[in-house]
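Report on the structure given below.
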Amino acid sequence: MIKAKLTKEDGTGVLILGLSRGNVQQLKDGKPIMFDADVFGVQGEVYIVYGDTEEAICKDLNLPVPN
């Protein structure tokens, strides 16, 4: 996975997450991708998850299903 933080000419920030075929397969296999958010200058963690639908993702994470 590629992780990058850039600043555009106008000063706005851009976060880039580049997923490889292997990363996508990992997600499809039900294994989330997790990493420290400090690479973006933020405290905490980032989780990338996959599901066939947003509803399926919410159910997997025990979150309310969006309307």
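Yes/no per residue for (1) closer than 25 Å to Leu6 by Cα; (2) in contact with an Asp or Glu (Cβ under 8 Å, 6 or more places away or on another chain); (3) of a type in the set (Gly, Ala, Ser):
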residue	(1), (2), (3)
Phe35	yes, yes, no
Val39	yes, no, no
Gln43	yes, no, no
Val46	yes, yes, no
Val49	yes, yes, no
Thr53	no, no, no
Ala56	no, no, yes
Lys59	no, no, no
Asn67	no, no, no
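One residue stands out among those in the range 33-67 that are within 10 Å of the chain's Cα centre (by Cα) and of a type in the set (Phe, Trp, Tyr): the one that is surrounded by the fewest Cβ atoms within 10 Å (Cβ to Cβ), which is Tyr47. Each residue in the range 24-39 was checked for being within 30 Å of Asn67 (Cβ to Cβ) and touching a strand residue (DSSP E or B) at 6+ places or on another chain (Cβ under 6 Å), and 4 pass.
Among residues of the range 50-64 that are assigned to a loop (DSSP other than H, G, I, E, B), those with a Cβ under 8 angstrom from a residue that is β-branched (Val, Ile, Thr), sequence gap 6+ or separate chain, pair up as Tyr50/Val24; Tyr50/Ile57; Gly51/Ile57; Leu61/Val49; Leu63/Ile57.
Just so you know, in the range 3-29 the residues that are touching a residue at least 12 places away in the same chain (Cβ under 8 Å) and not aliphatic (A, V, I, L, M) include one that is surrounded by the most Cβ atoms within 10 Å (Cβ to Cβ), and it is Asn23.
The numbers here are math on the coordinates, done by the rules we state, and not lab data. These numbers were taken from a predicted model, which means no experiment stands behind them. Using ideal geometry, Cβ is built from the backbone for each residue, glycine included, and neighbour counts are taken over all protein chains shown.
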